[in-house]
Amino acid sequence: MDETPKGPKKRITCFLVDRRHPGFTVRDGSRSVSHPGYKNCVLEFSDCRLPAGQVLGEVDGGFAVMNDWLYATRLTVAAFCVGRARRCFEMAVAYAAQRKQFGQPIAGFQGVSFQVADMATEIDASDLLTLMGAWRLDTGLPLNREIASAKVHASEMLARVKDTTLQIFGGKGLMDDFPIKRFWRDARVERIWDGTSEIQRHIISREIFRPLGA
Ligand SMILES: Cc1cc2nc3c(=O)[nH]c(=O)nc-3n(C[C@H](O)[C@H](O)[C@H](O)COP(=O)(O)OP(=O)(O)OC[C@H]3O[C@@H](n4cnc5c(N)ncnc54)[C@H](O)[C@@H]3O)c2cc1C
């Protein structure tokens, strides 16, 4: 077993398990506030024995399998966040241009228009980070840090864009008349699944300090 400064390196193995395999049960999990249509399941294993042919990848090589999968899903989360932020942004811009208060469109108030400017800038920054991660994936370049940066930036950007959009819609943003409250609610999970924002920051800072032995 390889030694690391924190003790023996843990090794895991991935398996493909058939749904009806003895010792494996899938039961319904709790519903989440974000994406309530998404069905969460709890996977339970009890004395579940599998033949060697069900190993996914190499024995003890589970981290490599999971990392390949997580690169793709984290990049997908980042891309989803960018797309959903753009949809929200377009709605915020259209609403700000037509909603009149104090005799003028609210877009004419700098308090609103500067929020729109910040949203545009943040969305583009997330978009470019996501494209850079995708390009590194395609070209086979190291991408641990870049994909973590894209995921944390895009998911946190989405939270700000949803919140700002809701603010621009005022009270209507919280009502059923518009989908804004659903967008806002659904955005929350993006900072949690596929590795929380803290875990992405852990990956980024580890990649920065590891070459320095710190
Ligand atoms: C709706 C929904 C669907 C999901 N679907 C899937 C799925 O399909 N497949 C799947 O595998 N998982 C899925 N998950 C699980 C999700 O990936 C985990 O919830 C997420 O990775 C966080 O793990 P945890 O909930 O165990 O939190 P914990 O790991 O217990 O973390 C709790 C808090 O501690 C912080 N923390 C933990 N460790 C550290 C550290 N080292 N440094 C700093 N902070 C730390 C976290 O950032 C977080 O704030 C889903 C979750 C939700 C809500």
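Would you confirm whether or not the stretch 66-74 contains a residue that is under 25 Å from Ile203 (Cβ atoms), touching a Cys at 6+ places or on another chain (Cβ under 6 Å) and β-branched (Val, Ile, Thr)? The answer is no, given that none of the residues of the stretch 66-74 is under 25 Å from Ile203 (Cβ atoms), touching a Cys at 6+ places or on another chain (Cβ under 6 Å) and β-branched (Val, Ile, Thr). It is to be established whether one or more residues within the stretch 61-83 are in contact with a Lys or Arg (Cβ under 7 Å, 6 or more places away or on another chain), in the same structural domain as Val189 (by TED's automatic domain parsing) and either at positive phi or of a type in the set (Lys, Arg) (or both). There is at least one residue in the stretch 61-83 that is in contact with a Lys or Arg (Cβ under 7 Å, 6 or more places away or on another chain), in the same structural domain as Val189 (by TED's automatic domain parsing) and either at positive phi or of a type in the set (Lys, Arg) (or both).
Yes/no matrix, rows are residues, columns are (1) modelled with pLDDT under 95; (2) of a type in the set (Asp, Glu); (3) more than 15 Å from the chain's Cα centre (by Cα):
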position: Thr165; (1), (2), (3): no, no, yes
position: Gly171; (1), (2), (3): no, no, yes
position: Asp176; (1), (2), (3): yes, yes, yes
position: Pro179; (1), (2), (3): yes, no, yes
position: Val189; (1), (2), (3): no, no, no
position: Gly195; (1), (2), (3): no, no, no
position: Glu198; (1), (2), (3): no, yes, no
position: Ile203; (1), (2), (3): no, no, no
position: Pro211; (1), (2), (3): yes, no, yes
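Look at (1) among the basic types (Lys, Arg); (2) open to solvent by 40 Å² or more (accessible area, probe 1.4 Å); (3) in contact (Cβ under 8 Å) with a residue 24 or more places away in the chain and you find that Lys162 fails only one, number (2).
Scanning the stretch 37-92 for residues that are without any contact (Cβ under 8 Å) to a residue 12 or more places away in the chain and open to solvent by less than 50 Å² (accessible area, probe 1.4 Å) turns up just one, Gly83.
Quick one: is Glu207 open to solvent by 20 Å² or more (accessible area, probe 1.4 Å), touching a helix residue (DSSP H, G or I) at 6+ places or on another chain (Cβ under 6 Å) and within 16 Å of the ligand (Cβ to nearest atom)? In short, yes. Which is touching a residue at least 60 places away in the same chain (Cβ under 8 Å), outside the structural domain of Lys10 (by TED's automatic domain parsing), of a type in the set (S, T, N, Q) and crowded, with 18+ Cβ neighbours inside 10 Å, of Ser126, Ser155? Exactly one of Ser126, Ser155 is touching a residue at least 60 places away in the same chain (Cβ under 8 Å), outside the structural domain of Lys10 (by TED's automatic domain parsing), of a type in the set (S, T, N, Q) and crowded, with 18+ Cβ neighbours inside 10 Å, namely Ser155. Within the stretch 19-54, the set of residues being away from the ligand (no atom under 15 Å from the Cβ) and touching a helix residue (DSSP H, G or I) at 6+ places or on another chain (Cβ under 9 Å) comprises His21 only.
In the stretch 17-27, the qualifying residues are those that are touching a strand residue (DSSP E or B) at 6+ places or on another chain (Cβ under 8 Å) and open to solvent by 100 Å² or more (accessible area, probe 1.4 Å), and the one that is modelled with the lowest pLDDT is Arg19. Evaluated against (1) surrounded by 11 or more Cβ atoms within 10 Å (Cβ to Cβ); (2) free of Cβ contacts under 8 Å to residues at least 40 places away in the same chain; (3) within 25 Å of Ala125 (Cβ to Cβ), Gly111 falls short on exactly one condition, (1). Please count how many residues of the stretch 177-197 are among the acidic types (Asp, Glu), open to solvent by less than 40 Å² (accessible area, probe 1.4 Å) and without any contact (Cβ under 8 Å) to a residue 40 or more places away in the chain. Total satisfying the criteria: 0. Condition first: under 13 Å from Val112 (Cβ atoms) and open to solvent by 30 Å² or more (accessible area, probe 1.4 Å). Now tell me which residues in the stretch 165-176 satisfy that. Gln167, Gly170 - these are the residues of the stretch 165-176 that are under 13 Å from Val112 (Cβ atoms) and open to solvent by 30 Å² or more (accessible area, probe 1.4 Å).
The values are calculated or read from the model by the stated rules, or taken from the named source; none is laboratory data. Since this is a predicted model, take the numbers as computed values, not measurements. Positions of Cβ are generated from backbone atoms using ideal geometry, with glycine treated the same way; all protein chains shown enter the neighbour counts. Keep in mind that these areas ignore ligands, DNA and RNA; they rest on the heavy atoms of the full protein, side chains included. Shrake-Rupley method; radii C 1.70, N 1.55, O 1.52, S 1.80 Å.
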